[in-house]
1. List, please: which pairs have Cβ atoms under 6 Å, are six or more places apart or on different chains, and start with a residue in region 224-247 that is in the same structural domain as Leu82 (by TED's automatic domain parsing) and end with one that is among the small types (Gly, Ala, Ser) and not in a helix (DSSP H, G or I)?
2. Go through (1) of a type outside the set (Lys, Arg); (2) under 30 Å from Ile341 (Cα atoms); (3) within 16 Å of ligand 1 (Cβ to nearest atom); (4) open to solvent by less than 10 Å² (accessible area, probe 1.4 Å) for Glu252 and report which single condition fails.
3. Please go through region 250-274 and give me each residue that is more than 17 Å from Arg99 (Cα to Cα), of a type outside the set (A, V, I, L, M) and within 13 Å of ligand 2 (Cβ to nearest atom), ordered by number.
4. Of the conditions (1) surrounded by fewer than 19 Cβ atoms within 10 Å (Cβ to Cβ); (2) more than 18 Å from Ala192 (Cα to Cα), Val304 clears all except one; give me its number.
5. Could you list, in sequence order, all residues of region 166-185 that are open to solvent by 10 Å² or more (accessible area, probe 1.4 Å), under 28 Å from His275 (Cβ atoms) and part of a strand (DSSP E or B)?
6. For residues in region 275-284 being assigned to a helix (DSSP H, G or I) and open to solvent by 20 Å² or more (accessible area, probe 1.4 Å), which is nearest to ligand 2 (Cβ to nearest atom)?
7. For region 118-162, how many residues meet the condition of being within 24 Å of the chain's Cα centre (by Cα), surrounded by 13 or more Cβ atoms within 10 Å (Cβ to Cβ) and outside any strand (DSSP E or B)?
Amino acid sequence: MGKILGIIGGGQLGMMITEDAKKMPEQISKVIVLDPTPNCPAAQVGAEQIIADFKDKKAIEELAERSDIITYEIESGDSDVLKSVEVNAEIDPSPETLRIIQDKFLQKTFLSENNIPVADFIQIDSIEDLYAGLEKFGYPALLKARRDAYDGRGNYKIDNPDEIKKAFDYFKGQKLMLEKFIPFKMEVSVIAARNTKGEIKTYPLVENIHEKNILRQTIAPARVSEEISNHAEKIAQTTMSVLKGAGVFGIEMFLTNENKILINEIAPRVHNSGHHTLQSSETSQFEQHLRAILGLELGSVKLVKPTIMYNILGSAGFEGEYTPIEISQENLFLKMYGKKISKPQRKLGHLNLVAKENESIDDLIEKIEKIKEKLQTTPLQ
Ligand code: ATP
Ligand code: MG
């Protein structure tokens, strides 16, 4: 008999986990997601849905009672509540790992205690701490909310002393940390997995291009030397060996101007920079996550074909129902998430452009440039 999988969050990540879960009916008989938006993306592909806030204790308890395993697609869940329902369902990754990762300060403290390289950082409890921190790190520096940040919304770059007060007030009441600004050469990431038996695998290093703080494009593999990619992979392996819990993790890193690798942050879940694996790799990150939490042997992480993933984001200056994106081209795989409303910068879908024989990454970049126009959202006619 297959297991019942509960997922906290039923957005695009929950959707793609559900789709891969449906391909393994012997292992997973049903998926139930907890999400506040009726008919969320995961529900549209066959998951049952509990409509409630991600932090609703009663709803999480209900999910645990109805599920054998609980996982999540967002890291903002209440780790104490999750811990309290562990008697009813196995939770992967573990609530303890979630507790550490979801607080950027605890996460960075944990990493540096394990000798994993990160940017210099300190805890900020008062404006005096902030003055002292800036004295130490110099300008610019990043003031960051410790929790519940996404798409760069929890970050404030302080360029000079005149901005200190404004930056501090911007976060009123939130727990904060200050981080040294890293003038990086490239942002890269590793999708890593650990199964419940302790087996660890890491996908090859990919390159991430952000625009306005949001991931726009992932280039797989990253355009770096073998030495650098091996080094980054080693850091990912070490990180996975100290983190407890099963599942897929997205490890975001900076490649500095001195060719050093620093971890920026870890997501305890499948990650946008791993969407290319749907077409580029032998095992998608979603299937890998399921294999990891079910205790199955992990699948191959081989990158079979160079691929670029391009995020389809809601166009600027427009909110509302949008005309469906239509584009068809050889080796282009479009995935829309079933969100009815477009909002500026909202992640509505992505496409994977896979290299043909003899095609280079530069060829793929050129192709993406040519189709960008067709990926704008416009009001529904
Ligand atoms: P996400 O965009 O992954 O949801 P987030 O909101 O949690 O992330 P971070 O990943 O901490 O925020 O930062 C967002 C982006 O800001 C990074 O991808 C990077 O481009 C930039 N950034 C963050 N920290 C630093 C730093 N110390 N130095 C330079 N740039 C940084
Ligand atoms: Mg990030």
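The values are calculated or read from the model by the stated rules, or taken from the named source; none is laboratory data. Just so we're clear, the structure is a prediction, and the values are computed from it rather than from any experiment. Note that each Cβ is placed from the backbone with ideal geometry, even for glycine, and that neighbours are counted across all protein chains shown. Quick note on the areas: whole protein, heavy atoms, side chains included, nothing else; ligands and nucleic acids left out. Shrake-Rupley method; radii C 1.70, N 1.55, O 1.52, S 1.80 Å.
1. none
2. Evaluating Glu252 over (1) of a type outside the set (Lys, Arg); (2) under 30 Å from Ile341 (Cα atoms); (3) within 16 Å of ligand 1 (Cβ to nearest atom); (4) open to solvent by less than 10 Å² (accessible area, probe 1.4 Å) leaves (4) as the failure.
3. Glu252, Phe254, Asn264, His271, Asn272, Ser273
4. (2)
5. Correct list: Phe184, Lys185.
6. Leu278
7. Total meeting the criteria: 9.
Condition check ((1) within 30 Å of Gln123 (Cα to Cα); (2) open to solvent by 10 Å² or more (accessible area, probe 1.4 Å); (3) without any contact (Cβ under 8 Å) to a residue 40 or more places away in the chain) across all residues:
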position	(1), (2), (3)
Gln12	no, yes, no
Glu26	no, yes, yes
Cys40	no, no, yes
Lys58	no, yes, yes
Arg66	no, yes, no
Ile70	no, no, no
Ser76	yes, yes, no
Ser94	yes, yes, no
Leu111	yes, no, no
